[in-house]
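Here the structure is laid out as structure tokens; the discussion comes afterwards.
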Amino acid sequence: MAKALIKADSFYEIYERKDGIKDVTHYCPGCGHGVLHKLIAEALDDFGIREKSILISPVGCSVFAYYYFRLGNIQAAHGRAPAVATGIKRVHPESVVISYQGDGDLAAIGGNNILQAANRGENITVFFVNNAIYGMTGGQMAPTTLIGQKTTTTPYGRNVVNEGYPVRVCELLATLDAPVYIERVALTDAKNTSKVRRAVRKALQNQIDNKGFSLVEVLSACPSNWKMTPVQAKQWVEDNLIKQFPLGVYKDLTDQIKPKKAEKQVFSVDGLKEKLNIPMEEEKYSTSVKEAKEFRNMKLKIAGFGGQGILLLGLGMAQAAMQAGYNVSWLPSYGPEMRGGTANCHVNISKERIGSPLVSKPTVVIAMNLPSMEKFQSEIEPGGLLLYDTSLITQKPVRDDIKVLGIPATQIADNLGNTRIANMVIMGAFIAYTSVLDKQAVINALPFFIKRKNLIPLNEKAIVEGMNYVLSSN
Amino acid sequence: MAEGLKKARVVIREDECKGCGLCIAICPEGVLFEQKHLNRMGYHPAGYRGEGCTGCGFCFYQCPEPGAITVYKKGYVEEEVA
């Protein structure tokens, strides 16, 4: 037993939060957070794991935990601490990852986050501080607010008809198979506080031993929002909170679980390529084509019927351009139908960095049916290009301040024996007209977006036909 | 080797105390009390009567401020403080 109880080394000596007083926390007098902070910090000291511990602060009163704990710290979006903890733990399995959350954060907006993290059995430690109210925002009702409890949003008291029943998180999570240890404790008298201390240490030890998911729910007083003195608030936890949220161990497999070996979950690039049928050798190809100045930052909208290969055409362009050294983006937009609906995609091909994948003012529109031409030709930047399939669109474009290129793509594809390669005829026409890519760049990219290898020669032929059509008509 | 403390002792950093009174309420020996004066934050800080601390540590684990209370138990070697 230590011969002295002193401020833990896992706390900063000075809290660099703001100007003024830097050696006290921002918590209200009598707040439970400070006590739980102390118990966690003490355990980190005693276990010698401060250097490898990472604490995720939530949104709520404890949002500033990172000003106090001298560890790795990250502050997560509201309710998302378990997801952030999952990511960190998987990348750094040797670290000790702590998700520290309040009841508004964990049980309301983050309800599904904690449920899924627990269900996956992530090897993390969650400290869930339950004070039955939203503290930071000024005392609104939380999922854990007691029946009849007055808050700013339940001024007549929580009424089950309107607001439902208090959520018991430990009981809910204990029904899942994966969690290893779930206990509810309370920061009240000395006896209960020593139980909190034990639970904190056990939940951390489980993670160190690679046993899996541990959660400790800590019933805690909020004197400010309950409008009580700190001493009254502690009594209120004893008299009311514990009745609704009984203390105890709800799940404990600590002694039955064999430690899982901590292993980095890394997917090998080659293994993934094999699974996804992507060629192993990624040929880097640098385009020798002189870029046409007006197409330097190309913003495309490609549109047509679903089933015409609209999305694939955009994907192929982006893939080829990426391999040729451009920055690219590809954003598909389509209905739920596999065939017959309308589809379009936004593609950026640029030598500069791309801010948004969204294309609202295209420099190039490729229309493979009439509705698409009617809908999108008005959006084209003056001086831009409208490329359309004259086999299906017999109307002439109305714009006279843009370049227009018509090609009977579907007819050419039909002559080659398959109307479904009209998209590659368009591809050929596009690269021949704009010179943004040369033929070889597209040929190199074909295996990356055409899954069935036996179709590659036909696609090549379609590209050549499309190019020839443009070159011969110039 | 230096001789350890003959009696347990509690030290309260008045400037870090928010006057919540939880330490006073929990102390089994009743040796903590609310002081009359105000500290820099405007709270009446807790104080130690100077006698009677048994080093049980209850107050340490009630106090929400990381550094406001330090408890030195019987046998603690003073030199370690520095």
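The values are calculated or read from the model by the stated rules, or taken from the named source; none is laboratory data. These numbers were taken from a predicted model, which means no experiment stands behind them. We place every Cβ from the backbone using ideal geometry, glycine too, and count neighbours over all the protein chains shown. The area values use the complete protein model at the heavy-atom level, side chains included, leaving out ligands, DNA and RNA. Shrake-Rupley method; radii C 1.70, N 1.55, O 1.52, S 1.80 Å.
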- Task: Determine, for each peptide in A:21-31, A:75-85, the mean count of other beta carbons within 10 angstrom over its residues, then list the peptides with the highest first.
- Result: A:75-85, A:21-31
- Task: Give the calculated FRET efficiency between A:Asp414 and A:Arg296 to the nearest 0.05, with a Förster radius of 51 Å applied to their Cβ-Cβ distance.
- Result: 0.90
- For chain B, what % of the accessible area comes from carbon and sulfur atoms, probe 1.4 Å? 53 percent
- Query: According to the square roots a ≥ b ≥ c of the eigenvalues of the Cα gyration tensor, what is the shape class of the range A:89-159, taking rounded for a/c under 1.5, prolate for a/b larger than b/c otherwise, and oblate for the remainder?
  - Reply: prolate
- Message: Considering only protein heavy atoms and a probe of 1.4 Å, how much of the accessible area of the range A:61-219 is carbon and sulfur, as a whole percent?
- Response: 55 percent
- Message: So with the 1.4 Å probe, I'd like the accessible area per residue for the range A:32-252, rounded to whole Å².
- Response: 36 Å²
- Note on the structure: the range B:9-71 accessible area per residue, 1.4 Å probe, protein heavy atoms, integer Å², reads 43 Å²
- Item | Accessible area expressed per residue, the range A:277-473, with surrounding protein chains retained (probe 1.4 Å, Å²) | 48 Å²
- Note on the structure: Which of B:Gly47, B:Gly19, B:Gly67 fluctuates most in a GNM of chain B (C-alpha springs under 10 Å)? That residue is B:Gly67
- Of the heavy-atom accessible surface of the range A:349-435 (probe 1.4 angstrom), what whole percent is carbon and sulfur? 48 percent
- Tell me, which residues of the range B:41-71 get at least 40 Å² less accessible area when the other protein chains come in, versus the chain alone (1.4 Å probe)? B:Phe60, B:Tyr61, B:Gln62, B:Pro64, B:Glu65, B:Pro66
- Task: Give me a single rounded figure for A:24-37: the average over its residues of other chain Cβ atoms within 10 Å of their Cβ.
- Result: 5
- Cα long-axis angle, helix A:456-473 against chain A (0 to 90 degrees, to the nearest 10): 50 degrees
- Isolated Cys residues of chain B, judged by Cβ distance under 4.7 Å to other cysteines: B:Cys17, B:Cys20, B:Cys27, B:Cys53, B:Cys56, B:Cys63
- Item | Peptides ranked, highest mean first, by Cβ atoms within 10 Å: ranges A:112-120, A:94-102 | A:94-102, A:112-120
- Got a sec? Which residues of the range A:216-233 lose 20 Å² or more of accessible surface with every protein chain in place, vs. that chain alone, 1.4 Å probe? A:Pro230, A:Val231
- Task: For peptide B:9-16, compute the average count of partner chain beta-carbon atoms within 10 Å of each residue's beta-carbon.
- Result: 2
- By the C-alpha gyration tensor axes a ≥ b ≥ c (rounded if a/c is under 1.5, else prolate when a/b exceeds b/c, else oblate), the shape of the range A:277-473 is rounded
- Query: If you count the DSSP beta bridges with both ends in the protein assembly as shown, what percent of them are antiparallel, to the nearest 5?
  - Reply: 45 percent
- Task: Would you list which lysines come within 18 Å of A:Lys403, measuring only between C-alpha atoms, while excluding same-chain residues fewer than 8 positions from it?
- Result: A:Lys293, A:Lys299, A:Lys301, A:Lys361, A:Lys375
- Message: On a 23 Å Cα-Cα criterion, which of the cross-link pairs A:Lys195/A:Lys227; A:Lys52/A:Lys202; A:Lys234/B:Lys73 come out too long?
- Response: A:Lys195/A:Lys227; A:Lys234/B:Lys73
- May I ask for the accessible area buried between chains B and A, both sides summed, probe 1.4 Å, to the nearest 100 Å²? 2600 Å²
- Based on Cα positions only, what radius of gyration and what Dmax would you give for the range B:7-57, in angstroms? 10.7, 32
- Task: Could you tell me whether the range A:44-95 comes out rounded, prolate or oblate from its Cα gyration tensor? Rule is a ≥ b ≥ c as square roots of the eigenvalues, rounded for a/c under 1.5, then prolate if a/b exceeds b/c, otherwise oblate.
- Result: oblate
- Item | Translational diffusion coefficient (Stokes-Einstein; Kirkwood radius from C-alpha pairs) of the protein assembly as shown at 37 °C, 0.692 mPa s, in µm²/s | 116 µm²/s
- Message: Suppose only helical runs count, i.e. DSSP H with n ≥ 4. What mean residue ellipticity at 222 nm does that imply for chain A under -39500 (n - 2.57) per run, divided by all residues and rounded to the nearest 500 deg cm²/dmol?
- Response: -9500 deg cm²/dmol
- Partner shielding of A:186-196, as the mean number of partner chain Cβ atoms within 10 Å, equals 3
- Message: Cross-link candidates for A:Lys260: which aspartates and glutamates have Cα within less than 15 Å, leaving aside residues fewer than 8 places away along the same chain?
- Response: A:Glu94, A:Glu122, A:Asp209
